Amino acid sequence: MTTRRDLGRLGAAAMLATPALLSEGHAQTPEVTLKLHHFLPAVSNVHRYFLMPWAEKISKESNGRLRIQLFPSMQLGGAPPQLFDQARDGIADITWTLPGNTPGRFPRIEVFELPFVSHKRAIVNCLAVQEYADRHCVQEFSEVHPLCIWGHGEGLIHSRREVTKMEDLNGLKLRFPSRLNGEALRALGASPVGMPVPQIPEAMSQGVIDGAVVPWEVVPSIRLAEMVRNHTEIPGSPTLYITTFILGMNKAKYASLPADLRAVLDANSGLAAARMAAVPWDERGPVVEADVRRRGNKIVVISEAEKERWQIATRPVLDNWLKTAAEKGLDSQALLADARSLVARHASAA
């Protein structure tokens, strides 16, 4: 027979147990770690000044329940051109890659990689590319859940030989990042050689290439300023070339997240992430350029008249893209017009 005293003891025990049960229940609240795989080393500016702060912001806003673990330098295996499919297939939860690593697969986003379409500043390109992708590339990237799609700031020519005019490019073996960048270099007289960024140092040491086209921000991570002495910039905007990037997530992994964690990730995707993505180019790029000057390397800015010659020489690349994209069923003229309009609008607001 249970007495009133027994009931009191049971009630007290239940009250004492309640905090422990609540604490145990709280500990069981889902915590998720996502693996983010990319191709540059951990010392690279994009890793340090975009991906790390982005991951830290998501962890903070989720109270540590959503964490992103970075795997640089292809640590999870494979080669850079396989990164998009690694996100699609779940080999990694998130990957950072270049659509241009797989030529012809993502034709709509290529418009920003045409010669003399994009802006000198990364913030303009990052916002323009993201907005354009939201309008035109949903189907193009439908195999993954896109977290951010953006473009870097101005790309430069870094070479053993000084380049001040088009004729200096004749026969110069230059690494290029994507198909249209290579076609533009060929139109200018260079001998383009396609390869991912991590292969540049070995290719330079073996004489496979005489230089590379990359933006300033990546120069320290591949020690390019130690291998070449000359750097050629294009004045103003539009600039010679940029490349585009995607931070893509495995669709099933995204769908499996608890709703509140998806909300944190969504709040740090799209234009919000694109603004953060501009930092390595717009803020760190000038720091790299100043370091290169201190090394005693020569930095040349071609004249406006010379730039006009380059624009005329590369116009067939643009015309050919318009034609071939139209043959694939794309409204290429409208895509180009929208890309240019977005660049102009974001440039005026930057």
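The values are calculated or read from the model by the stated rules, or taken from the named source; none is laboratory data. Predicted, not measured: the structure shown is a model, and the values here were computed from it. In this analysis, Cβ positions are derived from the backbone assuming ideal geometry, glycine residues included, and neighbour counts consider all displayed protein chains.
Rundown of residues vs (1) in a helix (DSSP H, G or I); (2) surrounded by fewer than 20 Cβ atoms within 10 Å (Cβ to Cβ); (3) among the aromatic types (Phe, Trp, Tyr); (4) at pLDDT 95 or above, yes/no style:
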residue	(1), (2), (3), (4)
Gly77	no, yes, no, yes
Pro81	yes, yes, no, yes
Gln86	yes, no, no, yes
Thr95	no, no, no, yes
Ile123	yes, no, no, yes
Val129	yes, no, no, yes
Trp150	no, no, yes, yes
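Just give me the residues in region 171-204 being at pLDDT 95 or above and polar (S, T, N, Q), in sequence order.
Asn181, Ser191, Gln199 - these are the residues of region 171-204 that are at pLDDT 95 or above and polar (S, T, N, Q).
Just one of Leu247, Leu180, Leu188 is of a type outside the set (Asp, Glu), outside the structural domain of Ile312 (by TED's automatic domain parsing) and buried (at least 23 other Cβ atoms within 10 Å of the Cβ); which is it? Walk me through how you get there before you give the answer.
Numbers: Leu180 fails: outside the structural domain of Ile312 (by TED's automatic domain parsing); Leu188 fails: outside the structural domain of Ile312 (by TED's automatic domain parsing).
Within the list Leu247, Leu180, Leu188, the selection yields Leu247.
Considering (1) touching a residue at least 24 places away in the same chain (Cβ under 8 Å); (2) outside the structural domain of His47 (by TED's automatic domain parsing); (3) under 26 Å from Val214 (Cβ atoms), say which one Ala305 fails and leave the rest.
Unmet condition: (1).
Taking the options Glu140, Glu154, name whichever one is without any contact (Cβ under 8 Å) to a residue 40 or more places away in the chain and part of a loop (DSSP other than H, G, I, E, B). Break it down stepwise before answering.
On the way: Glu154 fails: without any contact (Cβ under 8 Å) to a residue 40 or more places away in the chain.
None of the other options fit; the residue is Glu140.
Where residues in region 73-111 are within 24 Å of Trp54 (Cα to Cα) and aromatic (Phe, Trp, Tyr), which of them is farthest from the chain's Cα centre (by Cα)?
Step by step, filter region 73-111, then rank; the result is Phe84.
Would you be able to say whether some residue in region 102-111 is within 26 Å of Arg67 (Cα to Cα), hydroxyl-bearing (Ser, Thr, Tyr) and outside any helix (DSSP H, G or I)?
The initial filter retains those residues of region 102-111 that are within 26 Å of Arg67 (Cα to Cα), namely none.
No, because not a single residue in region 102-111 is within 26 Å of Arg67 (Cα to Cα), hydroxyl-bearing (Ser, Thr, Tyr) and outside any helix (DSSP H, G or I).
Pick out the one residue from Glu167, Glu202, Glu183, Glu143 that is closer than 16 Å to Phe116 by Cβ and not aromatic (Phe, Trp, Tyr).
Values: Glu167 fails: closer than 16 Å to Phe116 by Cβ; Glu202 fails: closer than 16 Å to Phe116 by Cβ; Glu143 fails: closer than 16 Å to Phe116 by Cβ.
After ruling out the rest, the residue left standing is Glu183.
Run down Met227, Met166 and say which single residue is in contact with a helix residue (DSSP H, G or I) (Cβ under 8 Å, 6 or more places away or on another chain), more than 23 Å from Arg309 (Cβ to Cβ) and touching a residue at least 12 places away in the same chain (Cβ under 8 Å). Outline the logic, then answer.
Values: Met166 fails: more than 23 Å from Arg309 (Cβ to Cβ).
After ruling out the rest, the residue left standing is Met227.
Looking at this structure, is Val292 among the hydrophobic types (A, V, I, L, M, F, W, C), surrounded by fewer than 17 Cβ atoms within 10 Å (Cβ to Cβ), farther than 24 Å from Ala133 by Cβ and at pLDDT 95 or above? Outline the logic, then answer.
Working: among the hydrophobic types (A, V, I, L, M, F, W, C): yes; surrounded by fewer than 17 Cβ atoms within 10 Å (Cβ to Cβ): no; farther than 24 Å from Ala133 by Cβ: yes; at pLDDT 95 or above: yes.
Judged against the criteria, Val292 is not a match.
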